[in-house]
Amino acid sequence: MEAIVTALPYLLDGLQVTLYIFVTALILGLIIGLIMALFRLAPLKILNWIAKIYIDAIRGTPILVQLFFIYFGLNTLDWISLDKTTAGIITVGLNAGAYFAEIIRAGIQSIDKGQTEAARSLGLTSSQNMRYVVLPQAFRRMLPTFTNQSIISLKDTSLLSIIGIADLTQQGEVATATTFEAFKIWFAVGVIYFILIYLLSLLANFLERRFELR
Amino acid sequence: MSIIQVTNLKKSFGTLEVLKDINSEIKEKEVVCVIGPSGSGKSTFLRCLNKLEDITSGHVIIDGHDITDPKVNINKVRQDVGMVFQGFNLFPHMTVLENVTLAPTKVRSDKKESAKSKALDLLEKVGLKEKANSYPGELSGGQKQRVAIARALAMSPKIMLFDEPTSALDPEMVGEVLEVMKQLANDGMTMIVVTHEMGFAREVGDRVIFMDGGYIVEENIPNELFGNPQHERTKLFLSKVL
């Protein structure tokens, strides 16, 4: 118990960093995901291609390689200087964005064409149709897969400890080095991640009920 | 002056030519029923009138605007052309009232309050005022279609297009929808109705168009077309449906 008490301040510091990176990366990922989904569905071929290349590049490479490329690779360029946290947020955000893009695209395409026809026949523009008719319905259908990807992204943030970001996982290492109690500390770290993800799925369940389709 | 003028309208899906050469004029306040076998192109013809289908060639002039001209703002023209679909296509995530007020508030920027009171008037007209706060999922097919009619009317269109509005309904609900349409026709709405309801076409239509194979084969006042069809194909079709 003593080990945990000693470790707890470290772990809570780490939890803060993890939460900060997760939330900012998630927002970044959602914005990129929505834009890329609309690019993939746009009538302009060039936009389709941009989205396709982005999604394929992200899905086709491991996130660790993406992290190393962004943090070590891009930082060799004279005009780029990314600190660890920014590189971490960009990596997790870009990674999640690719998966979100596919989730959002599939959600949009799952909405019956008749909905769009009805909206357009009333004089709604194509973006009004998206905003008021298609996306609200698609959002509800996307929620479960959305939750899944968010959980994966949260866990992905633990990889950022490798470049020395003081997240929960990194702080677990620090606490282990201080207390030499690997079993207890890593168990505690696991419990904290578990609680975090459990709370996330509670939030998702609440949203699903809140936006239930009638 | 006709409110709709269609000249040499052609529509192809890939290599399949669905509308081959359609010419027609529809006058204000006229009720035109379009009949014909399935695959004859009648729904496609209707959907070309508000450009839900891209027009391959020819001209469609709606109230003076040639919608085949890319410079014409189609969203603007569509505000004057209401449409009712076979599958209702109500927005399931909105209440009945929200369905009806969406376009007036977002497209025409009506004030919420005035849009709401107009919507309630229209719902009363179709006999569904008490369902204003229900969701589409809680309504029967006939009620859904009447809401869809109210939704289209909320934009105060000059023309109403009906694409087989009763085909997806249980037989006992057909009457209530036709009744609303009849009332609309009596109020002087310009209507184009693709339908299999020959009784409605005969009773309410000012003119009936018979389509087959992507052409308008024959058109006439209902009594003439039903009583004295001129073409073999019309006779054959009518012998099967009447």
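The values are calculated or read from the model by the stated rules, or taken from the named source; none is laboratory data. Model, not experiment: these values are computed from the prediction. Virtual Cβ from ideal backbone geometry, glycine too; neighbours counted across all protein chains shown. Surface areas here come from the heavy atoms of the whole protein model, side chains and all, with no ligands, DNA or RNA. Shrake-Rupley method; radii C 1.70, N 1.55, O 1.52, S 1.80 Å.
Which of (1) in contact with a strand residue (DSSP E or B) (Cβ under 6 Å, 6 or more places away or on another chain); (2) in a loop (DSSP other than H, G, I, E, B); (3) at the interface with another protein chain (Cβ under 10 Å from one of its Cβ atoms); (4) open to solvent by less than 20 Å² (accessible area, probe 1.4 Å) is the odd one out, the single condition B:VAL77 does not satisfy?
(2)
Any idea how many residues of the range B:10-30 are under 20 Å from A:SER121 (Cα atoms) and among the aliphatic types (A, V, I, L, M)?
1
Restricting attention to the range B:127-143, which residues are more than 14 Å from chain A (Cβ to nearest Cβ) and over 18 Å from B:GLY87 (Cβ atoms)?
Taking the range B:127-143 first, the residues more than 14 Å from chain A (Cβ to nearest Cβ) are B:127-130, B:132, B:140-143.
Across the range B:127-143, the qualifying residues are B:GLY127, B:LEU128, B:LYS129, B:GLU130, B:ALA132.
Please find, among B:GLY39, B:GLY82, the residue that is touching a strand residue (DSSP E or B) at 6+ places or on another chain (Cβ under 9 Å), within 21 Å of B:SER167 (Cα to Cα) and modelled with pLDDT under 95.
Criteria check complete, one pass: B:GLY39.
Would you mind finding the one in A:ALA98, A:ALA118, A:ALA87 that is open to solvent by less than 50 Å² (accessible area, probe 1.4 Å) and either free of Cβ contacts under 8 Å to residues at least 60 places away in the same chain or β-branched (Val, Ile, Thr) (or both)?
Values: A:ALA98 fails: either free of Cβ contacts under 8 Å to residues at least 60 places away in the same chain or β-branched (Val, Ile, Thr) (or both); A:ALA87 fails: either free of Cβ contacts under 8 Å to residues at least 60 places away in the same chain or β-branched (Val, Ile, Thr) (or both).
Among A:ALA98, A:ALA118, A:ALA87, only A:ALA118 is open to solvent by less than 50 Å² (accessible area, probe 1.4 Å) and either free of Cβ contacts under 8 Å to residues at least 60 places away in the same chain or β-branched (Val, Ile, Thr) (or both).
Quick one: which of A:VAL92, A:VAL133 is within 14 Å of chain B (Cβ to nearest Cβ) and modelled with pLDDT of 95 or more? Before the answer, list the steps.
Working: A:VAL92 fails: within 14 Å of chain B (Cβ to nearest Cβ).
The unique qualifying residue is A:VAL133.
Which of the following residues is more than 10 Å from chain A (Cβ to nearest Cβ) and either open to solvent by 40 Å² or more (accessible area, probe 1.4 Å) or part of a helix (DSSP H, G or I) (or both): B:ARG151, B:ARG146, B:ARG108? Before you say what the answer is, go through the steps one by one.
Values: B:ARG151 fails: more than 10 Å from chain A (Cβ to nearest Cβ); B:ARG108 fails: more than 10 Å from chain A (Cβ to nearest Cβ).
Residue meeting the stated conditions: B:ARG146.
Looking at (1) surrounded by fewer than 17 Cβ atoms within 10 Å (Cβ to Cβ); (2) within 19 Å of A:GLY123 (Cα to Cα); (3) more than 8 Å from every other protein chain (Cβ to nearest Cβ), find the lone condition where B:PRO157 falls short.
(1)
Can you run down the residue pairs with Cβ atoms below 7 Å, 6 or more apart or on separate chains, where the first is in the range B:167-187 and in contact (Cβ under 8 Å) with a residue 40 or more places away in the chain and the partner is aliphatic (A, V, I, L, M)?
B:VAL180/B:VAL126; B:VAL180/B:ILE149; B:ALA185/B:VAL31; B:ALA185/B:MET191; B:ALA185/B:VAL204
Just to be sure I understand, how many residues within the range A:157-212 are open to solvent by 60 Å² or more (accessible area, probe 1.4 Å), touching a Phe, Trp or Tyr at 6+ places or on another chain (Cβ under 9 Å) and within 30 Å of B:PHE91 (Cα to Cα)?
1
Could you give every pair whose Cβ atoms fall below 6 Å, whose first residue belongs to the range B:19-40 and is touching a residue at least 24 places away in the same chain (Cβ under 8 Å), and whose second residue is assigned to a loop (DSSP other than H, G, I, E, B) and surrounded by fewer than 20 Cβ atoms within 10 Å (Cβ to Cβ), counting only separations of at least 6 or pairs across chains?
Within 6 Å, the pairs are B:LYS29/B:GLY188; B:GLU30/B:ASP206; B:VAL31/B:ASP206.
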